[in-house]
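One structure is given here, and the rest of the page talks about it.
The values are calculated or read from the model by the stated rules, or taken from the named source; none is laboratory data. All of these numbers come straight from a predicted model, not from anything done at the bench. All Cβ positions, glycine included, derive from the backbone under ideal geometry; neighbour counts span all protein chains shown. Note: areas computed on protein heavy atoms with side chains; ligands, DNA, RNA excluded. Shrake-Rupley method; radii C 1.70, N 1.55, O 1.52, S 1.80 Å.
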Amino acid sequence: MKAPVYKRVLLKLSGEALAGTQGHGIHASSIQQFAKDVAEAHKTGVQIGIVIGGGNIFRGVAASSDGMDRASADYMGMLATCINSLALQDALEKAQVPTRVQTAIEMHQIAEPYIRRRAIRHLEKGRVVIFGAGTGNPYFTTDTAAALRAMEINADVLMKATKVDGIYDKDPALHKDAKKFTKISYLDVLNKGLKVMDMTAVSLCMDNKLPILSFDLNKPGNIARAMSGENIGTLVL
C-alpha cells in the first residue's frame with residue numbers, strides 16, 4: 001500500500017450511505033465495509049476525523065418542509081447523527097481501530113463533548129475521532145459541520161465520500177453525456193450550482209483554502225486510495 005500524501009484528513013460520510021440498499025436505518029454489512037476501509041487507511045498512519053450525517057434516520061429539512069419547526073427538526077437531525085456516530089464507533093472498534101466520539105450537544109453518558117484541543121490530541125495519539133451532532137446549531141448542515149471541523153483540527157483535506165465517483169456537470173444518473181471533472185475551482189462549483197456540498201460549506205473551504213476531494217465511497221478500498229493520493233474522484237481547489 002502506498003504511503004499517505006496527507007497527514008490529517010476529515011472524512012465526511014452521508015447518513016444515507018449507512019442505509020445501504022435498504023434506504024433507511026443502518027445496514028450492517030454497509031457499515032462493516034466502511035469500517036474495514038477506514039481501518040485499512042488508518043494503518044498507513046494518517047490521522048482521521050469523521051463527520052457523519054443523519055439522513056438515513058431523520059432529515060430535519062424534510063421534516064420542516066412538512067410543517068415542523070425548523071430548529072426542532074434540525075436538533076432531531078443532530079441526534080440522528082449521534083446514533084450513526086455510535087454505530088460507526090462500534091464497527092470501527094470491532095475492526096481494531098481506537099476511536100472517540102465527540103458531540104457538539106453534550107451527552108456525557110455516551111460521548112465526550114466537542115473540545116478542539118482534546119480532539120487534536122486524540123488524533124495525535126492515533127485515534128479516529130467521530131464528530132457527532134453537526135455544529136450544534138440549527139440551520140447548518142453536516143457538510144458545513146465537516147468544513148468547520150476540518151479547519152479546526154487543521155486537516156490537510158476535506159474528503160467527501162459519496163455514492164458518485166466524482167463531480168459532474170450534471171447528474172450522471174439522469175444524463176449519459178454528463179462530464180466528470182478531475183479538478184475544478186471553488187468558484188466554478190458555486191457558479192455552476194454543482195451539488196457536491198452545500199454552498200456555505202464550499203464557501204468556507206474557499207475562504208480558508210481547504211481542498212475538497214469528492215470520491216465514490218461504495219468501491220472497497222477507495223478511502224485508502226484517496227489518502228495515498230491516487231487519481232480518483234474530483235479535487236476542488
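Numbers for the structure displayed
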| read-out | value |
| --- | --- |
| Those residues of segment 31-54 which are of a type outside the set (Val, Ile, Thr) and open to solvent by 20 Å² or more (accessible area, probe 1.4 Å), in sequence order | Gln32, Gln33, Lys36, Glu40, His42, Lys43, Gly45, Gln47 |
| Pairs, first surrounded by 14 or more Cβ atoms within 10 Å (Cβ to Cβ) in segment 108-124, second in a helix (DSSP H, G or I) and hydrophobic (A, V, I, L, M, F, W, C), C-beta under 9 Å, six or more apart | Ala111/Cys82; Ala111/Leu86; Glu112/Ala119 |
| Residue in segment 177-188 that is under 23 Å from Gly15 (Cβ atoms) and aliphatic (A, V, I, L, M) present | no |
| Gly229 vs. criteria at pLDDT below 90 and either more than 23 Å from Gln47 (Cβ to Cβ) or not charged (D, E, K, R) (or both) | yes |
| Conditions (1) open to solvent by less than 50 Å² (accessible area, probe 1.4 Å); (2) out of contact with any helix residue (DSSP H, G or I) (no Cβ under 8 Å at 6 or more places or on another chain); (3) under 16 Å from Ala17 (Cβ atoms); number of the one not met by Met159 | (2) |
| Lone unmet requirement of (1) aliphatic (A, V, I, L, M); (2) in contact with a helix residue (DSSP H, G or I) (Cβ under 8 Å, 6 or more places away or on another chain); (3) open to solvent by 10 Å² or more (accessible area, probe 1.4 Å) for Ala80 | (3) |
| Search result, residues across segment 138-155 that are under 19 Å from Lys7 (Cβ atoms) and either free of Cβ contacts under 8 Å to residues at least 60 places away in the same chain or open to solvent by less than 50 Å² (accessible area, probe 1.4 Å) (or both) | Ala146, Ala147, Arg149, Ala150, Met151, Glu152, Ile153, Ala155 |
| Condition broken by Ile120, with the remaining ones in (1) under 16 Å from Cys82 (Cα atoms); (2) over 17 Å from the mean Cα position of the chain (by Cα); (3) of a type in the set (A, V, I, L, M, F, W, C) satisfied | (1) |
| Boolean, Thr135 is β-branched (Val, Ile, Thr), over 20 Å from His42 (Cα atoms) and open to solvent by less than 10 Å² (accessible area, probe 1.4 Å) | no |
| Test: residue in segment 163-174 that is at pLDDT 95 or above, touching a Leu at 6+ places or on another chain (Cβ under 9 Å) and surrounded by 14 or more Cβ atoms within 10 Å (Cβ to Cβ) | no |
